[in-house]
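Novice: Here it is, the structure in full.
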Amino acid sequence: MTHSQAATPPGTPGAPGSPGAPGSREAAGIPGGTDEDYPLERVPKAARYSWFNVAVQRFGQLSDLTQFLLGATLGAGLSFWGAFWAFTLGSVILEIVCIFVGIAGMREGLSTSMLVRWTGFGRYGSTLIGLVIAVSLFGWFGVQTAVFAAGLHSLVPSVALWAWCLICGLAVTALVLRGFRAMGWTAFVTVPAFLGLAGWAMSVEISRHSFGDLISAQPFGASISIATGATIVAGSYIVGAVTTPDMTRFNRNTGDVVKQTVIGISLGEYVLGLAGVLLAYAVKSSDLIAIITASSGVVGVIVLVSATVKINNWNLYSSTLGLVSAVESLFKIRLGRVGTTVVIGVLGSLAAAAGILERFTDFLTILGVLTPPVAGIMVAEYFIVKRWRPQLDASRALGRLPETEPSWVPATIALWAVASLVGWLGDHYQIGGIPALNSLLLAGVGYVVLGRLGLVRAARELPFTQPDRPAAAVEIEAEARAEAEARAGAEAAVGAAVKPTP
């Protein structure tokens, strides 16, 4: 891959996955257009993107106001090195989850809400997961919208905060309607602006203080433990980590998933998170807007609040995918992604106007122990137990989904509930270890044990209704498979011809 190919933004005419490109959805005559983004089916190879395009969006999820807020929160309750270890432990959890779950999503070309059907949860279990994802990210959408609105309200107080919430939320909704391509363009514009501003803010503030004094500064708020800090770090992005397949289904290979994960999370958590810690020490406040204003003024507020869009569009996008999958699995009704986005976006904007931001820290802590078991079970099933892996492998070769799906898996649901409870108790009663990691490991190891004991089985298998596809699309897929088989046969023949005779 050349550098120019890697840097081609999504949606560039002629780029893979662009409208009208060879092998694209439109070229194959598949209904729905690229705006729908395959919510209930595999993303075909022709619609995948270079790793750089996806990596910019991955980093964009971790480079916004919330990351500074997270750093400021840890800075208020921990020393610098305490915050460092909290970020380290939380980041390790996130990277492991993102890489393994992301690889599964890339291979299968499926969103998390669809993939869980064949990775331990079944149709009705996936309904629960889809609803958890939809509700959780609906909440995140409200949180981010409120942060965005608060920044703009500080600049233009004549417009009421609730009005700014509606304006910001509906603007992001309009963007997400255009799908993955439009979200990619947004990241290409806002990420460089954000990084430039973050560097400027740090240089200005550090120049006013001794770096050594900031490193040795003591927390100025209520003390928290490193385990609690790590849980907050993991919780701040754990739903994003579990929904990694929503993004990596557009990747092309395993290496792409690993590169974008390591780069995105390392830069996002360490560089931006610790920058937030130092800025909090410098101004002795965890007030996000006060920190930004003190460091970079009005221009900084504008750029940073605008950067919130990069993560908020994914909150809305994944929430929509979760709800679409849940409704299809429960009622067999295939909702359109675009229409569902409008409904969730409007409701989320109203929630932001109602003041959902007030429950921010508690919300993070709950997510930090509730969601990891899902990832532990998915990874254990896909890579170790492999109860339904053969069905995925066979159908993937045909570019379709399995003909059947498990109804629900009782052992999985029970394990998920127990692991979540253990994680919550560990956080609530400050039991040793990191609650998010404890619940993830318990779910993963527990699922392997249940699999070895033969307890991982579906109540029954149900037929899966394949998405309707026109004859033109089926014909093109058949031709592509025939060409691939012909190439493989030719390569085998050449290999046999050049093999030296004993």
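The values are calculated or read from the model by the stated rules, or taken from the named source; none is laboratory data. If you're wondering where the values come from, they're calculated on a predicted model, not measured in any experiment. Here the Cβ is made from the backbone with ideal geometry for all residues, glycine too, and neighbour counts use every protein chain on show. We work out accessible area using only protein heavy atoms, side chains counted, and drop any ligands, DNA or RNA first. Shrake-Rupley method; radii C 1.70, N 1.55, O 1.52, S 1.80 Å.
Novice: Would you be able to say whether some residue in segment 26-35 is modelled with pLDDT of 90 or more and more than 15 Å from the chain's Cα centre (by Cα)?
Specialist: So far as segment 26-35 goes, no, none of its residues is modelled with pLDDT of 90 or more and more than 15 Å from the chain's Cα centre (by Cα).
Novice: Hey, could you check segment 394-426 for residues that are crowded, with 24+ Cβ neighbours inside 10 Å and closer than 27 Å to Gly235 by Cα and say which is farthest from the chain's Cα centre (by Cα)?
Specialist: Val409
Novice: Output the number of residues of segment 395-440 satisfying the condition of being modelled with pLDDT under 85, closer than 29 Å to Leu110 by Cα and either touching a Gly at 6+ places or on another chain (Cβ under 8 Å) or among the polar types (S, T, N, Q) (or both).
Specialist: The number of residues fulfilling the criteria is 2.
Novice: Output the residues belonging to segment 301-313 that are open to solvent by less than 10 Å² (accessible area, probe 1.4 Å) and within 12 Å of the chain's Cα centre (by Cα).
Specialist: Lys310, Asn312, Asn313
Novice: Further, regarding this structure: If we only count helices (runs of 4 or more DSSP H) wholly inside segment 152-223, which ones have 1 or more residues that are modelled with pLDDT under 85, of a type in the set (Phe, Trp, Tyr) and more than 30 Å from Asp246 (Cα to Cα)?
Specialist: Qualifying helices (runs of 4 or more DSSP H): 180-207, 211-215.
Novice: Tell me which helices (runs of 4 or more DSSP H) are completely within segment 64-116 and hold 2 or more residues being touching a Lys or Arg at 6+ places or on another chain (Cβ under 8 Å) and on the phi < 0 side of the Ramachandran plot, or say none if there are none.
Specialist: Output list reads 80-108.
Residue-wise test of (1) touching a Ser or Thr at 6+ places or on another chain (Cβ under 6 Å); (2) surrounded by 24 or more Cβ atoms within 10 Å (Cβ to Cβ).
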residue	(1), (2)
Val92	no, no
Val101	yes, yes
Thr112	yes, yes
Gly122	yes, yes
Ile129	no, yes
Gln144	yes, yes
Phe148	yes, yes
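Novice: State yes or no: is Leu137 touching a residue at least 60 places away in the same chain (Cβ under 8 Å), assigned to a helix (DSSP H, G or I) and surrounded by fewer than 24 Cβ atoms within 10 Å (Cβ to Cβ)?
Specialist: no
Novice: I need a count of the residues in segment 210-229 that are open to solvent by less than 40 Å² (accessible area, probe 1.4 Å) and within 19 Å of Ile431 (Cα to Cα).
Specialist: Here the count works out to 3.
Novice: What are the residues in segment 314-346 that are surrounded by fewer than 21 Cβ atoms within 10 Å (Cβ to Cβ), closer than 15 Å to Leu170 by Cα and either out of contact with any Asp or Glu (no Cβ under 8 Å at 6 or more places or on another chain) or among the hydroxyl-bearing types (Ser, Thr, Tyr) (or both), if any? Explain how you work it out, then say what you get.
Specialist: Applying the first criterion (surrounded by fewer than 21 Cβ atoms within 10 Å (Cβ to Cβ)) to segment 314-346 yields 327, 330-336, 338-340, 342-343, 346.
From the residues that got through so far, the ones that are closer than 15 Å to Leu170 by Cα too are 338-340, 342-343, 346.
Matches in segment 314-346: Gly339, Thr340, Val342, Val343, Val346.
Novice: Please go through segment 371-394 and give me each residue that is modelled with pLDDT under 95 and hydroxyl-bearing (Ser, Thr, Tyr), ordered by number.
Specialist: Listed by number, the list holds a single entry, Thr371.
Novice: Out of (1) among the small types (Gly, Ala, Ser); (2) in a loop (DSSP other than H, G, I, E, B); (3) more than 20 Å from Leu94 (Cβ to Cβ); (4) within 27 Å of the chain's Cα centre (by Cα), the odd one out for Ala458 is which?
Specialist: (4) is the only condition that Ala458 fails.
Novice: Taking segment 161-180, which residues are out of contact with any helix residue (DSSP H, G or I) (no Cβ under 6 Å at 6 or more places or on another chain) and open to solvent by less than 40 Å² (accessible area, probe 1.4 Å)?
Specialist: Ala163, Phe180
Novice: Open to solvent by 30 Å² or more (accessible area, probe 1.4 Å), among the basic types (Lys, Arg), out of contact with any Cys (no Cβ under 7 Å at 6 or more places or on another chain) and modelled with pLDDT of 80 or more, is that true of Arg469?
Specialist: When the stated conditions are applied, Arg469 does not pass them.
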